[in-house]
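Comments concern the structure below.
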Amino acid sequence: MAGDHVVKSISFNFNGLTHGVINNLWTCMYITHTEAVKAGAKAAAIACVASAIPTLLGARAIPWARANLNHAAQALIISTISGSAYFIVADKTILRSARRNSFHEQMENQSAEYWPF
C-alpha cells in the first residue's frame, strides 16, 4: 500500500567495539551537546546585556552614533555580539568535552597495561 513504510535495518561496523562502549559514545555526544547549548546560552545572555548597555548609551550620548545608528543598527550590533559569544563558548565546550572523552588517553592507558615494555 502507499501508506506503508518499510524500515530498513542499518548495520554499522564499529570495528569490534562492544555494546557498552557504543552506548558510552552516544551518551558522551549527547551530554557534550547539551552542555554546549547551556554554556552558549549563558554566554549569549551575558554578552547581550554587556553589549546592549554601551551600545544604547552610546547611541544616545555620542553625536555621531545618534546621527548614524538607527534602531536596526543597534539591534544588529547587539545580536552579532550575542551570537558570536554563543558559538565561541559552545565550540570551546565541545572541544573541552572531546578532549576529556578522547580515546587516545584511554588507548595509552590500555597499552601500558597490556604491553609493559
Would it be correct to say that residue 69 is at pLDDT below 95 and either hydroxyl-bearing (Ser, Thr, Tyr) or under 22 Å from the mean Cα position of the chain (by Cα) (or both)? no
Taking the condition of being crowded, with 17+ Cβ neighbours inside 10 Å and either touching a strand residue (DSSP E or B) at 6+ places or on another chain (Cβ under 9 Å) or of a type outside the set (Ser, Thr, Tyr) (or both), how many residues in segment 82-91 meet it? 3
Residue list for segment 41-64, restricted to those being farther than 22 Å from residue 85 by Cβ and of a type outside the set (D, E, K, R): 61, 62, 63, 64
Is it the case that some residue within segment 8-19 is in a helix (DSSP H, G or I) and either at pLDDT below 95 or at positive phi (or both)? yes
Report every pair of residues separated by at least 6 positions or lying on different chains whose Cβ atoms are under 8 Å apart, first residue within segment 83-98 and in contact (Cβ under 8 Å) with a residue 40 or more places away in the chain, second in a helix (DSSP H, G or I) and open to solvent by 50 Å² or more (accessible area, probe 1.4 Å). 85/46; 86/41; 89/42; 90/37; 93/35; 94/33; 97/31; 97/35
Would a scan of segment 54-67 turn up a residue that is surrounded by fewer than 16 Cβ atoms within 10 Å (Cβ to Cβ), among the aromatic types (Phe, Trp, Tyr) and without any contact (Cβ under 8 Å) to a residue 12 or more places away in the chain? yes
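The values are calculated or read from the model by the stated rules, or taken from the named source; none is laboratory data. Because the structure is predicted, anything quoted here is derived from the model rather than measured. Ideal geometry is used to build each Cβ from the backbone, glycine not excepted, and the neighbour counts take in all protein chains shown. For accessibility, only protein heavy atoms count, side chains too; no ligands or nucleic acids. Shrake-Rupley method; radii C 1.70, N 1.55, O 1.52, S 1.80 Å.
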